[in-house]
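The values are calculated or read from the model by the stated rules, or taken from the named source; none is laboratory data. Here the structure is a predicted model, which is why all the values come from computation and not from measurement. Virtual Cβ from ideal backbone geometry, glycine too; neighbours counted across all protein chains shown. Keep in mind that these areas ignore ligands, DNA and RNA; they rest on the heavy atoms of the full protein, side chains included. Shrake-Rupley method; radii C 1.70, N 1.55, O 1.52, S 1.80 Å.
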Amino acid sequence: MSAALRLHKYIANCGYCSRRHAELLIAAGLVRVNDRIAAEPGHTIDPRRDRVAINGEDIVPPPRHTLMLHKPAGFISSTHDTHERLTVMDLLPRNLAADGVVPVGRLDLDTEGLLLMTNDGELLHRITHPRYECPKEYLARVRGHVTPQKLERLAQGVLLDDGPAQPAAILRAERRGEETEIAIELTEGRKREVKRMFAAIGHEVVRLVRLRIGPLRLGDLAPGAWRALSGEESAALRRACGLR
Ligand code: URA
């Protein structure tokens, strides 16, 4: 971690709790920096020099992990499920969850493909926030034959119930019998966005696979398998999100 960081952000980056919750802990006088209570909201620290503790526990960053998972259908993209269904955490070793690794954004229960998992809060924020326009490529198999006119309508943007939506690009479209396979790129990730965009032009998505996030491709990673990113892949991903 670099120098001069807001205290609540440091605590969240260490995986102790959310930024908002850290603000509450700070305001409640529960956070100590170098053995002194730090109760001001804007308190900054230098993580290389300062010692942060909450209730006597030293708050230190866990080892950083960023990995890619091939999410199969049938797994929830969250860390817990109130209905006791399988989550993507069930596909990873326990120590990663203990170090605060969480899914980067969400794929629907029936959506497959590339899901990044990390305990790097800033990276997660950059990949998921629309402001950073990190492109995601999906392969959608939709019912029926999508005419060039409908594709053009989609390319121009459609109106969804939470506002207009426009793909960054429609990369290719191929007819497959009674269905059409379309590769589409988006730079935002609203709920069920790809499915709702196709529904807006009258086509139901029957299968959805995410193929790429920024510079990272799913490649031949088997369904249910995961692997750590290489140093080069991490660097390329960070560059693509405007991080060093
Ligand atoms: N768009 C969708 O409709 N579903 C997903 O899971 C991801 C993007």
For this session: Determine which member of the set 12, 38, 22 is aliphatic (A, V, I, L, M) and more than 21 Å from residue 79 (Cβ to Cβ).
Result: 38
Exercise. Failed condition for residue 220, given (1) of a type outside the set (Lys, Arg); (2) over 24 Å from residue 101 (Cβ atoms); (3) open to solvent by 70 Å² or more (accessible area, probe 1.4 Å), with all others met?
Worked result: (2)
For this session: Hey, can you tell me all the residues within the range 39-96 that are within 16 Å of the ligand (Cβ to nearest atom), of a type in the set (S, T, N, Q) and at pLDDT below 95?
Result: 78
For this session: Considering every residue within the range 111-124, establish whether at least one is open to solvent by 50 Å² or more (accessible area, probe 1.4 Å), in a strand (DSSP E or B) and within 16 Å of the ligand (Cβ to nearest atom).
Result: no
For this session: Answer with yes or no whether residue 211 is within 26 Å of residue 131 (Cβ to Cβ), more than 14 Å from the ligand (Cβ to nearest atom) and open to solvent by 30 Å² or more (accessible area, probe 1.4 Å).
Result: no
Seminar exercise, completed: Counting only residues that are of a type outside the set (D, E, K, R), in contact with a Ser or Thr (Cβ under 9 Å, 6 or more places away or on another chain) and surrounded by fewer than 21 Cβ atoms within 10 Å (Cβ to Cβ), the range 125-146 contains a total of 5
Problem set entry | Matching residues in the range 147-168 - criterion: being open to solvent by less than 40 Å² (accessible area, probe 1.4 Å) and out of contact with any helix residue (DSSP H, G or I) (no Cβ under 8 Å at 6 or more places or on another chain) | 151, 155, 157, 163
Exercise. Do we find a residue being part of a strand (DSSP E or B) and closer than 23 Å to residue 213 by Cβ anywhere in the range 51-65?
Worked result: no
Problem set entry | Flag for residue 107 being within 16 Å of the ligand (Cβ to nearest atom), of a type outside the set (S, T, N, Q) and at pLDDT 95 or above | yes
Seminar exercise, completed: Going through the range 162-190 in order, the residues found to be free of Cβ contacts under 8 Å to residues at least 12 places away in the same chain and of a type in the set (D, E, K, R) are 172, 174
Exercise. Does residue 28 qualify as being open to solvent by 20 Å² or more (accessible area, probe 1.4 Å) and closer than 27 Å to residue 235 by Cβ?
Worked result: no
Exercise. Within 16 Å of the ligand (Cβ to nearest atom), out of contact with any Phe, Trp or Tyr (no Cβ under 7 Å at 6 or more places or on another chain), closer than 29 Å to residue 101 by Cβ and not β-branched (Val, Ile, Thr): does that describe residue 163?
Worked result: no
Problem set entry | Single residue of 163, 189 found to be small (Gly, Ala, Ser) and either at pLDDT 95 or above or over 27 Å from residue 80 (Cα atoms) (or both) | 163
Exercise. Restricting attention to the range 170-186, does a residue exist that is within 21 Å of the chain's Cα centre (by Cα), exposed (fewer than 15 other Cβ atoms within 10 Å of the Cβ) and within 16 Å of the ligand (Cβ to nearest atom)?
Worked result: no
